[in-house]
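Down below is the structure, laid out as structure tokens.
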Amino acid sequence: MKQNAVVPFLKWPGGKRWFVSNHASILPKAYNRYIEPFLGGGAVFFHLQPENALLGDANADLISAYQALKTNWRFVKRSLEYHHRMHCTKHYYHVRDASPQNLLQQASRMIYLNRTCFNGIYRVNTNGQFNVPIGTKTAVIMPSDDFEALSKLLQNSEIRHTDFEILIDEANENDLIFVDPPYTVRHNLNGFIKYNEKLFSWEDQERLSTALIRAKNRGAKIVSTNANHFSVRQLYEGHGFTLKTVSRFSSISATPDNRKQFEELVILSNPNN
């Protein structure tokens, strides 16, 4: 039985809140285990509220936040309330430069920075240090926050910091895999390429497609979003997938004038799920 609506606690570049709002009908109604190897903000996970989930991401800070909310949401909430009271430019950069070793402190730091940095961008330098400047938003505690509900939902989930292929290879018949990788394409014609190719190379795109083909052949249900680019389409054509095109509004830009409609590709193992 689905609980009340649970709002994602992170703003994440490329997040799928728009997808849930406009295209939730694409998602299968019935499945065994839910698997999401590029968790990010988790919009689809929070929408579906699966009874059994395997969640993962290559971003260690992100996974720490989910793990901490699962194990001790009260501590995370109290810590965020402290950041809310203390928030100013000096406090932001003090927290940004810190490297807490405790899982709960790591989670609090990550959520605080996400909510107060420029445009909610997650970016690190060559040393792996978060380096996004402070943004204009000052609210650390949101009216939509329900960390208790988040924690309750996450109790049914296994959460791992791991490579996407490992999780996809664990999918069995009738498991649902939702895949939303960085939108890297073969040629530099994509607006995200300069940043994404450092996170997710074209070789990773190829590795992803072969892993999803294997999972489809095992009977897994697959819904994947990706760049609507011929190089990505070629990876899935001829393997029994249905390819659909949907539109979304992209707000990842320094100036509103540069924000525009983008077409995205949806890759389905079975359009009649």
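FYI, it's all coordinate maths here, none of it is from the lab. Fair warning: this is a prediction, and the values are worked out from it, not measured in the lab. With ideal geometry, Cβ positions are generated from the backbone for all residues, glycine too; neighbour counts draw on all protein chains shown.
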Study note, to complete from the structure: Bridge orientation stat for the chain from DSSP, antiparallel percent rounded to 5, came to 50
Point to revise | Read-out log10 I(q)/I(0) by the Debye sum over Cα atoms at q = 0.08, 0.15, 0.17 Å⁻¹, derived from the coordinates shown; its label in (1) -0.56, -1.09, -1.33; (2) -0.32, -1.18, -1.49; (3) -0.28, -1.05, -1.38 | key: (2)
Review point. Tally Lys/Arg at +1 and Asp/Glu at -1 over every other residue whose Cβ is under 10 Å from the Cβ of H161; what's the total?
Key: -2
Check your understanding: Helix 60-86 sits at what angle to the longest principal axis of the chain, using alpha carbons and giving 0 to 90 degrees rounded to 10?
Key -> 30
Point to revise | Restraint check, K77/K137; K221/K244; K29/K216; K70/K221; K152/K216; K152/K221, Cα-Cα greater than 20 Å | key: K70/K221; K152/K216; K152/K221
Point to revise | Rh (Kirkwood; distinct C-alpha pairs) - segment 64-147, Å | key: 12.9
